[in-house]
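Visitor: Provided herewith is a single structure, encoded as structure tokens, for subsequent inquiry.
The values are calculated or read from the model by the stated rules, or taken from the named source; none is laboratory data. Quick caveat, the model's predicted, so the values are computed rather than measured. Note: ideal-geometry Cβ built from the backbone for every residue, glycine included; neighbour counts use all protein chains shown. These area figures cover heavy atoms from the full protein model, side chains too; ligands, DNA and RNA do not enter into them. Shrake-Rupley method; radii C 1.70, N 1.55, O 1.52, S 1.80 Å.
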Amino acid sequence: MFSERAFQIVAGLSWFERSAEPTRLADQLVATAAGSVAVTGVGLAWMDAGLPGVLVAATDEGARRVEELQFTLGEGPCATAAVRHRPVLVEDLAGRQGSEWPGFTAGAVEAGVAAVFAFPLELGGVTFGVLDFYRNAPGSLSPADLAEAGALATVGTWVLMHLQPGIADEDRFPDLTERLADRLQVHTAAGVLAQRLGLPVGDALNILRARAFAKGRPISELAQAVLAGTETFPPVTPLPPERSR
Amino acid sequence: MVMSREMQVSRLFVELADTLVDDYDVVEVLHRLADASVELLAVQAAGVMLAEPDGLRLVASSSSMMEDLERGELELGEGPCLDAYRTGHTITNIGTDETRHRWPRFAAHVHPLGIHVVHALPMRLRGQRIGAINLFATTEEPLPEADVRLGQAFADVATIGLLQQRAIRDHVQLSGQLQEAFTTRVLLEQAKGMLAERTGCTPTEAFQRLRSHARRTQSPLHQVAQQVLAGDLDPLAAG
């Protein structure tokens with residue numbers, strides 16, 4: 001809903017400057033968001049094959065970590081928000097809510113993230129991305145902050161829409177295409193591992209995720225190691241066949 | 001509480017601006033525009049026409065009589081709305097004599113029903129012309145300048161909303177296409193890795209093999225990728 005507040009936020013971004021590339025607008029948006037909502041940091045991610053994917057802009061390392069964890073583990077509040085088409089508000093990650101994403105929560109809490117508020121960015125039923133806010137102390141968003149976050153999410157959708165046409169264009173958005181390439185490499189590594197271990201590729205991906213999480217390394221780094229041959233995996237013992245009566 | 005004219009005007013602007021919401025109904029909004037024009041401007045009938053590939057189409061009229069009058073204008077192929085759309089210029093305060101002079105058949109059609117003055121406002125934005133608004137009056141007085149400006153402002157906001165609505169549809173469609181493209185890329189990367197490991201070639205060579213197999217068998221890439229992932233494709237045949 002393009003509220004008056006959303007209009008104001010849009011007016012505050014530098015749409016008409018020459019250098020107003022959408023990635024710069026995205027940087028401005030997350031900075032604005034971190035300044036107007038009582039949170040520690042904000043990240044804006046674009047959707048990638050059905051899940052929140054490439055980070056388009058982030059205010060700090062914490063926001064980057066929140067996003068990286070979700071990509072590594074394939075789970076988290078942003079992913080849930082995208083799937084449910086509704087904001088996911090986790091005021092206390094260490095509490096009951098956090099149990100929905102055991103891997104993500106463990107990693108996030110360790111990184112000092114106490115609360116996460118994820119807003120899906122969508123139009124016409126299609127999810128374009130996610131705007132996520134995090135705080136290093138637990139607590140819910142005030143009604144005013146919730147409304148503000150909603151307006152920011154509306155603007156986030158518009159920023160992403162302007163980003164979209166050039167998203168696969170290396171010359172326009174070299175950072176983004178590089179990040180995307182990193183992501184895709186994870187899938188190549190999963191294919192290699194699947195073949196090596198004689199597993200379906202989905203299982204291989206999960207093994208990669210688990211190893212990355214256990215070692216505390218970003219999964220894209222691990223993928224590169226797999227492709228370079230420097231990361232080995234023990235063979236997987238096949239389960240015994242089911243006994244028939 | 002009777003709403004003041006200022007409040008009514010503000011409310012209409014907000015409603016028209018709300019067309020930026022993805023689930024709005026074009027016809028409903030333009031009906032609101034037609035009705036509000038009659039309420040807020042010194043005219044007795046209003047109608048909105050939008051451009052289609054084969055010409056203008058009637059979308060909303062403030063009354064069934066107005067609908068008939070506008071249908072007549074379209075069928076006759078002459079009239080203020082058509083001119084405003086074609087030229088992109090505002091047409092205001094055309095009295096009976098000038099109407100007869102500019103659009104004789106249209107004049108013969110509307111004058112018997114008591115229409116004395118006609119106006120037409122183009123719906124356009126930076127070169128894009130999407131339609132026009134007819135405003136008809138049964139009184140002799142010219143429309144105050146303020147009303148003309150207000151009417152054009154309504155038309156402009158509605159135009160922006162419509163154009164944005166189309167842009168939204170395009171973006172949504174693009175988003176769907178991009179997501180599909182990336183899903184295919186994911187499958188391709190996975191198949192590349194699998195094939196490379198299976199045959200001992202590099203991922204780049206593996207990709208070439210996938211591509212030439214797809215070309216040879218005239219199958220889409222994502223299908224070939226899926227076959228590799230399912231273990232259905234003999235890697236030697238893909239070489």
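Visitor: Average the reciprocal distances over every distinct pair of alpha-carbons in the protein assembly as shown, invert the result, and give the Kirkwood radius in Å.
Guide: Roughly 26.3 Å, rounded to one decimal.
Visitor: At 20 °C and a viscosity of 1.002 mPa s, what translational diffusion coefficient does Stokes-Einstein give for segment B:39-119, taking Rh as the Kirkwood radius over Cα pairs? Give it in µm²/s as a whole number.
Guide: It diffuses with D of about 166 µm²/s by this estimate.
Visitor: Of all alpha-carbon pairs in segment B:174-230, indicate the percentage at a distance above 17 angstrom.
Guide: Summing the P(r) tail past 17 Å for segment B:174-230 gives 35 percent.
Visitor: Any chance you could tell me what percent of the C-alpha pair distances in segment A:129-232 go past 22 Å?
Guide: 54
Visitor: If the only charges are +1 at each Lys and Arg Cβ and -1 at each Asp and Glu Cβ, what is the size of the charge dipole of segment A:128-198 around the Cα centre, to the nearest 20 debye?
Guide: Approximately 320 debye in magnitude.
Visitor: Does a label point 7 Å from the Cα of B:Glu75, set along Cα-to-beta-carbon, have any residues of segment B:110-144 with amide nitrogen under 13 Å, and which are they?
Guide: Backbone N within reach: B:110.
Visitor: I want to check the label-to-label distance for B:His89 and A:Ala225. Put each point 7 Å from Cα in the C-beta direction and report it in nm to one decimal.
Guide: 7.4
Visitor: Compute the long axis of helix B:26-40 from its Cα atoms, compare it with the longest principal axis of the Cα atoms of chain B, and write down the angle in degrees, 0 to 90, nearest 10.
Guide: That works out to roughly 20 degrees.
Visitor: Follow-up. Could you check the spin-label model distance between B:Glu98 and A:Arg5? Points 7 Å from the Cα along Cα→Cβ, value in nm.
Guide: 4.8
Visitor: Given the options B:Leu58, B:Gly72, B:Gly95, identify the residue whose Cα lies farthest towards the positive end of the charge dipole of segment B:1-147 (+1 on Cβ of Lys, Arg; -1 on Cβ of Asp, Glu).
Guide: B:Gly95
Visitor: Follow-up. Once the Cα atoms of helix A:201-215 and of chain A are each reduced to a long axis, what angle between those two axes, in degrees from 0 to 90 to the nearest 10, is obtained?
Guide: Approximately 80 degrees, to the nearest ten.
Visitor: Pop a pseudo-label 7 angstrom from the Cα along the beta-carbon direction at both B:Leu40 and B:Glu140 and give the gap in nm to one decimal.
Guide: Spacing of the two 7 Å Cα→Cβ label points: 3.0 nm.
Visitor: Taking only Cα atoms, what is the 0 to 90° angle, nearest 10, from helix A:174-197's long axis to the longest principal axis of chain A?
Guide: It works out to around 20 degrees.
Visitor: Turning to a different aspect of this structure: Rounded to the nearest 0.05, what FRET efficiency do B:Val27 and B:Arg129 have when you use their Cβ-Cβ distance and R0 = 22 Å?
Guide: Between B:Val27 and B:Arg129 the formula returns 0.65.
Visitor: Tell me the accessible surface of B:Asp25 in square angstrom (1.4 angstrom probe, heavy atoms of protein chains only), to the nearest ten.
Guide: For B:Asp25, the solvent-accessible surface is approximately 80 Å².
Visitor: I need the semi-axes of the equivalent ellipsoid of segment A:98-179: take the C-alpha gyration tensor, multiply each eigenvalue by 5, square-root it, list largest first in whole angstrom.
Guide: The answer is 27, 19, 11 Å, longest axis first.
Visitor: When you look at the Cβ of every residue in A:118-124, what mean number of other chain Cβ atoms sits within 10 Å?
Guide: 3
Visitor: Continuing with this model, one more query. Residues with beta-carbon under 13 Å from that of A:Glu231, excluding A:Glu231: net charge, scoring Lys, Arg +1 and Asp, Glu -1?
Guide: Net local charge, A:Glu231 excluded: +3.
Visitor: Taking the full set of protein chains and a 1.4 angstrom probe, give the accessible area of A:Leu69 in square angstrom, rounded to the nearest 10.
Guide: 10
Visitor: A further question follows. Above 32 Å lies some portion of the pair distances; for chain B, what is it as a whole percent of all C-alpha pairs?
Guide: Here the long-distance tail beyond 32 Å is 44 percent of all Cα pairs in chain B.
Visitor: Right, something else. Just how large is the dipole of the protein assembly as shown about the Cα centre, in debye to the nearest 20, putting +1 at every Lys and Arg Cβ and -1 at every Asp and Glu Cβ?
Guide: For the protein assembly as shown, the charge dipole is close to 1680 debye.
Visitor: While we're on this one: Let me cross-check B:Thr96: its accessible surface, 1.4 Å probe, with only protein heavy atoms counted, in Å² to the nearest 10?
Guide: 40
Visitor: Using the Cα centre as the reference, give the magnitude of the dipole from point charges on the C-beta atoms of chain B (Lys, Arg: +1; Asp, Glu: -1; all else neutral), rounded to the nearest 20 debye.
Guide: Dipole size: approximately 1240 debye.
Visitor: In µm²/s, what is D for segment A:23-127 at 4 °C and 1.567 mPa s, where D = kT/(6 pi eta Rh) by Stokes-Einstein and Rh is the Kirkwood radius from Cα pairs?
Guide: 94
Visitor: In Å, what Rg and Dmax follow from the Cα atoms of segment B:83-127?
Guide: Gyration radius and largest Cα-Cα distance of segment B:83-127: 11.7, 38 Å.
Visitor: Let me ask something else. What Kirkwood hydrodynamic radius, in Å, does chain A give when the mean of 1/r is taken over all pairs of distinct Cα atoms and then inverted?
Guide: For chain A, inverting the mean 1/r across all distinct Cα pairs yields 18.9 Å.
Visitor: Can I ask one more? For A:190-199, what's the mean count of beta carbons from other chains sitting within 10 Å of each residue's beta carbon?
Guide: Average neighbour count from other chains, rounded to a whole number: 6.
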